[in-house]
Ligand code: ATP
Ligand code: MG
């Protein structure tokens, strides 16, 4: 049997998926499904770090995100869906990994700082919020993947995961600290040192023209949006340019959308040339053209999603999640037991029953 390398990545159910997810991660997931053994995680436990008071909303978003995955072409026959709260080995591994990460290292993580700021969490965030960064190391390592497709904002989170994997392998599996990352498994390490893989667009800006497009920042074009909504949202994208004959900056937020969504290189080059020269081309015209391209991308997704509408669609999603939870638990339990063996905690194998 040939070994397929593994992928682990996922989304937090704090809303619906948007274009940033598509260009930053989903597109890669769909493309890599055949060559890799893919695990896609719904971080529903992490959703509680910022909205513990909204369990209904988290459950709804969990179902909606799976619908988004199916709509954009993730295939449950080829990939495994991981519902975080139903994989107890993740929470257990989180504890063990937390002992191997210095507290200050976790708190100084740049992604964490940006999130606290962007989400306006101030000083009132829960203890669980910074914990999610340790949890994310466990989410990844429990599946022992080689590759983690993420947006640029999450790259800084992959670093502690790599560090903790090296540390575990050195401490409990006796791997020499001078070992090259790629060599860890061959030298007896339990965990491969996973690599982040950033998508075609590392960080798609939101329709506010300032922050990263995010589910929770009210600046997203969702995968479910119709042409009218797409046009309206893009219409609000501020470029600061006032006249059609004013030379425009082709590195502004609008042109990030042009390059991300108009997949005709010659047309992109033409638009860039005209815009830079102020050659009688207005922002409104370009926005309308981009909107058409986004609409063409989303139309087949909307169609597939329509087939999953309502309670019948919910039931189908729940059935997939239940079935996949068994498979995901089998892989996760295997890793956890090996980790416990390495830590001299193997007091007997156990069997999980998920009904
Ligand atoms: P939240 O606002 O709740 O943090 P989010 O929109 O940032 O939600 P996540 O679930 O945190 O979405 O991220 C899922 C994946 O999508 C991550 O790999 C992340 O890096 C990637 N991603 C999210 N937003 C973007 C974006 N605007 N551009 C590129 N990649 C993105
Ligand atoms: Mg995020």
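Here are a few things to note about the model shown:
- Hits in segment 220-242 - residues which are more than 9 Å from ligand 1 (Cβ to nearest atom) and surrounded by 17 or more Cβ atoms within 10 Å (Cβ to Cβ): 221, 222, 223, 224, 225, 230, 231, 233, 234, 237
- The single condition among (1) touching a helix residue (DSSP H, G or I) at 6+ places or on another chain (Cβ under 8 Å); (2) in the same structural domain as residue 135 (by TED's automatic domain parsing) that residue 334 does not meet is (1).
For every residue, the table says whether it meets (1) over 24 Å from residue 10 (Cβ atoms); (2) touching a residue at least 60 places away in the same chain (Cβ under 8 Å); (3) not assigned by TED's automatic domain parsing to the domain that holds residue 165.
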{"residue": "291", "(1), (2), (3)": "yes, yes, yes"}
{"residue": "295", "(1), (2), (3)": "yes, yes, yes"}
{"residue": "300", "(1), (2), (3)": "no, no, yes"}
{"residue": "319", "(1), (2), (3)": "no, no, no"}
{"residue": "326", "(1), (2), (3)": "no, no, no"}
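- For segment 9-30, the criterion of being away from ligand 1 (no atom under 13 Å from the Cβ) and either out of contact with any strand residue (DSSP E or B) (no Cβ under 6 Å at 6 or more places or on another chain) or modelled with pLDDT of 95 or more (or both) is met by at least one residue.
- Helices (runs of 4 or more DSSP H) lying entirely in segment 1-106 (those with 2 or more residues that are surrounded by 18 or more Cβ atoms within 10 Å (Cβ to Cβ) and either touching a helix residue (DSSP H, G or I) at 6+ places or on another chain (Cβ under 8 Å) or at positive phi (or both)): 44-51, 55-72, 88-98
- Selection of segment 195-219 for residues being over 15 Å from the mean Cα position of the chain (by Cα) and in a loop (DSSP other than H, G, I, E, B) yields 206, 207, 208, 209, 210, 211, 218, 219.
- Residues satisfying the stated conditions in segment 193-211, i.e. touching a strand residue (DSSP E or B) at 6+ places or on another chain (Cβ under 9 Å), surrounded by fewer than 20 Cβ atoms within 10 Å (Cβ to Cβ) and in contact (Cβ under 8 Å) with a residue 60 or more places away in the chain: 197, 198, 203, 211
- Selection status of residue 311, touching a residue at least 12 places away in the same chain (Cβ under 8 Å), assigned to a helix (DSSP H, G or I) and either under 30 Å from residue 173 (Cα atoms) or over 23 Å from the mean Cα position of the chain (by Cα) (or both): no
- Which numbered condition residue 46 misses (of (1) at pLDDT 95 or above; (2) farther than 23 Å from residue 25 by Cα; (3) within 16 Å of ligand 2 (Cβ to nearest atom)): (2)
- Hits in segment 1-58 (condition: without any contact (Cβ under 8 Å) to a residue 12 or more places away in the chain and more than 21 Å from residue 126 (Cβ to Cβ)): 1, 2, 3, 31
The values are calculated or read from the model by the stated rules, or taken from the named source; none is laboratory data. Note that the structure is a prediction, hence the values are computed from the model and not measured. In this analysis, Cβ positions are derived from the backbone assuming ideal geometry, glycine residues included, and neighbour counts consider all displayed protein chains.
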